[in-house]
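As structure tokens, the structure follows; a few thoughts come after it.
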């Protein structure tokens, strides 16, 4: 093994040891910070104990160019790959090439170590003016890496092109760290943040077109370490210090913390009527007097406790003691003595339980043997009348629960639970034959008897149709049988009489459809000597009849009369005045 190799191993061991110590220190500080409060005094962080210092410089160099056009990325991964839009090569502001006068972003804003070191790294605090989406330009020689607030954004990128990457940043200070290792030459890093839209960047021709938030142009002349920038600053081991890269002075500082300690004394058990007050001073006795307190339902202090001065339920609650920006959350155990019981009861409608008569949940407070109130919860169910309906059909002569006629009946029964039950019976006694009351029939007219819907019919003349047409007076009867085999019968008397017509239809429609095709006048056939005269609107006689054996069909001498209004004169020949009026033909 050569001396060069041995020195390289020793250097790597020292570097790894420094990183490990710094990481452990940061973790220890983080653990303490969760229970501590900030002290305003701070000290400047100690720079690395070993390694040389470099000064950042810039230069126009023909060696630093891109072989590809500058690109704008809206989406990308940690290697810088993704969807991009190339900037036009005619745009000289973004142009990169190898020549006597090279242009391009890296030669504009790039920085190098003064002594052309192949490894360079540094960190800087950038103040972002507002929370929004920005575009950042970045490139570096060979193996370049960019971190923001400890998160790797882009790594292992080489200067083939100037990449402009879309990124969302919240308002405030952010730690940006850079590192680049160049194999065979000095290392270069270029980084800028633009407060511009993508379209504005694509069309920009100079810095005057860009709203520049940050550029490595601003870092020229800064002193940095010749090497890896990560975990290189350290804080004092004693005194509870934490490293803050973005201190108020803009340089790494160590901020000191002092511990706080919330002490909790659990309150004594109380009765439910009294409640527990965990805001009393004796609960947090022994805690620093500078603490302020809030009260919570959970250990993460995310769910506020509504009434910390009057807790009615046993359980674990939480008190958060705070001082400035730090806090500590401690549990407090509460015991509320109460005797609780639950009763489930069912009663009938009209009864009561403990004075309650309706279905519901009732909470009653009683005095228990331990001197505290006892809570009784009553789940009461009031059984209402079980209303049911049944439809029943029986044959005439039979019955149902004592009912022998068709109708609706309501019966009150007692169910298995001892409560009343209402049963509604819709009873039909079959067959329910009904020809109606006795009737009068005008001489010359007819009427139709319909007993109802049944399976079989038998009329007094032996006919079996479901209806019977009566043309003369007499006694008529029908016997029927239904689908259940029940039989029944009914009789009706029809008296024939002479009727003087009192109503005359004023329209009819002689269009041959079989409906209302003739001018029918009830009762007129009882006057065989009557005369019927019908005239047109001009007084022309269009119809004449002695008696009215055949109703007028709207024709004259067999020809259809036109639609319109016609006038009639009817003499009954019984000594009464003539009857007159009008009738309209509609087709």
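The values are calculated or read from the model by the stated rules, or taken from the named source; none is laboratory data. This structure is a prediction, so every number in the text was calculated from the model and none was measured. Cβ coordinates were reconstructed from backbone atoms using ideal geometry, including for glycine residues, and neighbour counts include every protein chain displayed.
State whether the residues of the range 209-217 include one that is at pLDDT 90 or above, part of a loop (DSSP other than H, G, I, E, B) and in contact with a strand residue (DSSP E or B) (Cβ under 8 Å, 6 or more places away or on another chain).
Yes, because at least one residue in the range 209-217 is at pLDDT 90 or above, part of a loop (DSSP other than H, G, I, E, B) and in contact with a strand residue (DSSP E or B) (Cβ under 8 Å, 6 or more places away or on another chain).
Taking residue 193 and the conditions (1) outside any strand (DSSP E or B); (2) modelled with pLDDT of 75 or more; (3) surrounded by 14 or more Cβ atoms within 10 Å (Cβ to Cβ), which numbered condition does it fall short on, given that it satisfies the others?
(1)
What strands (runs of 3 or more DSSP E) lie completely within the range 107-166 and have 2 or more residues being surrounded by fewer than 16 Cβ atoms within 10 Å (Cβ to Cβ) and in the same structural domain as residue 87 (by TED's automatic domain parsing)?
Values: elements: 111-113, 119-128, 132-140, 143-148, 151-157.
The qualifying strands (runs of 3 or more DSSP E) are 132-140, 151-157.
Taking residue 391, is it surrounded by fewer than 11 Cβ atoms within 10 Å (Cβ to Cβ), modelled with pLDDT of 75 or more and in contact with a strand residue (DSSP E or B) (Cβ under 7 Å, 6 or more places away or on another chain)?
yes
Answer yes if at least one residue in the range 37-52 is assigned to a strand (DSSP E or B) and modelled with pLDDT of 80 or more, and no otherwise.
no
Taking the residues in the range 419-453 that are without any contact (Cβ under 8 Å) to a residue 40 or more places away in the chain and in a loop (DSSP other than H, G, I, E, B) as candidates, determine which candidate is surrounded by the most Cβ atoms within 10 Å (Cβ to Cβ).
Among residues in the range 419-453 that are without any contact (Cβ under 8 Å) to a residue 40 or more places away in the chain and in a loop (DSSP other than H, G, I, E, B), the one surrounded by the most Cβ atoms within 10 Å (Cβ to Cβ) is 451.
Among (1) modelled with pLDDT of 90 or more; (2) assigned to a loop (DSSP other than H, G, I, E, B); (3) touching a strand residue (DSSP E or B) at 6+ places or on another chain (Cβ under 9 Å), which single condition is residue 513 missing?
It fails just one condition, (3).
Take the residues of the range 493-511 that are buried (at least 17 other Cβ atoms within 10 Å of the Cβ) and closer than 17 Å to residue 551 by Cα: which is farthest from the chain's Cα centre (by Cα)?
Only one residue fits best here, namely 501.
If residue 500 passes every condition in (1) in contact with a strand residue (DSSP E or B) (Cβ under 6 Å, 6 or more places away or on another chain); (2) modelled with pLDDT under 85 but one, which one does it miss?
Single failed check for residue 500: (1).
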